[in-house]
Amino acid sequence: MLTTVVHTMLQLRRDLYRSRYHLVIIDAVCLGYEAIRLCRQVRTSDAVPILMIVPPNDPDLVVQALGAGADDCMSPPLSVPEFLARANSLIRRASYAYKPPPERQAVFSFAGFRLSLMKRLLLDSAGQIVDLTAAEFDLLLAFCRNPGRLMGRQELMTLTHAGLAGPVARSIDVHVSRLRQKIEADPQRPRLIKTVRLGGYVLTADVVFDDGDAQNPPAVPGHPQT
């Protein structure tokens, strides 16, 4: 079985998007509680089985790992036969898993970018992953679902998780600014996400929605169906 070793979250997300893996093993012995964040990020975009290697005698970390989406945990010293048995068990159970319906393959395309709902990924015109936080992804998704429509800060907070970053609607401004840094050719003179003074923001790009059903493409909100 082919094994791939990665050292960053972005590299892992790229590999999970481009290739189908049977199992992800996260080393919490080296990463500590950072492994929990890593596990949670993987789980937001992929249902691949996760086996976490945790330090011995740390039940709190095990509880957090399972809560973050890990499917199983083991502690060193590792027994090779037990490790292989658990890994094969996770892979076998995943093979019986429910397959997502076609509509979950939905992709929004705009200005050369592709926003995948199933993978929760943004790809640029070269097919490279644009690394977004969960708040930035949800914010961009809200814009793509409402192209050409003015959206106020309060509305954006209700449609995204961005409000968790701060107690006031102005936290949206921070996320919009960071999002512009990643998708605008010139963030100081944005052309995709425009600011409307005292109003909010509007996505000016044309958006095409593809749900994988070429025979019956749905209309994008705000755009008439032809």
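The values are calculated or read from the model by the stated rules, or taken from the named source; none is laboratory data. Just so it is clear, the structure is predicted and the values come from calculations on it, not from any experiment. Cβ coordinates were reconstructed from backbone atoms using ideal geometry, including for glycine residues, and neighbour counts include every protein chain displayed. Protein only, heavy atoms only, side chains kept; ligands, DNA and RNA dropped before computing areas. Shrake-Rupley method; radii C 1.70, N 1.55, O 1.52, S 1.80 Å.
What is the set of long-range amide H partners of ASP72 at a cut-off below 5 Å, with H atoms built 1.01 Å from backbone N?
Here the answer is ILE50, MET52, since their amide H atoms fall under 5 Å of that of ASP72.
Sum up the charges of everything whose Cβ sits under 14 Å from the Cβ of SER75, counting Lys and Arg as +1 and Asp and Glu as -1, but leave SER75 out.
Numbers: positive: ARG86; negative: ASP27, ASP58, ASP60, ASP72, GLU82.
Once positives and negatives cancel, what remains is -4.
Write down the accessible area per residue of region 22-135 in Å², having rolled a 1.4 Å probe over the full set of protein chains.
Numbers: 6090 Å² over 114 residues.
On a per-residue basis, 53 Å².
So for each of 176-188, 133-145, 60-72 I average, over its residues, the number of other beta carbons within 10 Å; can you give me the resulting order with the highest mean first? Mind showing how you got there, number by number?
Working: 176-188: 14.9, 133-145: 20.8, 60-72: 17.4.
Per-residue mean Cβ counts within 10 Å order the peptides as 133-145, 60-72, 176-188.
Give me the distance in nm between label points sitting 7 Å out from Cα along the Cα-to-Cβ direction at ARG37 and VAL208, one decimal.
3.7
How far is it, in nm, from the label point at SER95 to the one at LYS182 when both lie 7 Å from their Cα along the line to the Cβ?
3.6
Taking 22 Å as R0, compute the FRET efficiency from the Cβ-Cβ separation of ARG197 and ARG149 and round it to 0.05. Walk me through the intermediate numbers first.
Working: r = 17 Å, r/R0 = 0.75.
The formula returns an efficiency of 0.85 here.
Which ³J(HN,Hα) values in Hz, rounded to whole numbers, follow from the phi angles of region 57-69 under the Karplus curve 6.51 cos²θ - 1.76 cosθ + 1.60, where θ = phi - 60° and Gly and Pro get x?
Computed from phi, the couplings for region 57-69 are 6, 9, x, 4, 5, 5, 4, 5, 4, 5, x, 7, x Hz.
At a probe radius of 1.4 Å, what is the per-residue accessible area of LEU90, in Å² to the nearest 10?
Rounded to the nearest 10, the figure is 10 Å².
Under a crude label model (7 Å from the Cα following the beta-carbon direction), how far is SER125 from ASN57 in nanometres?
My value for the distance between the label points is 5.8 nm.
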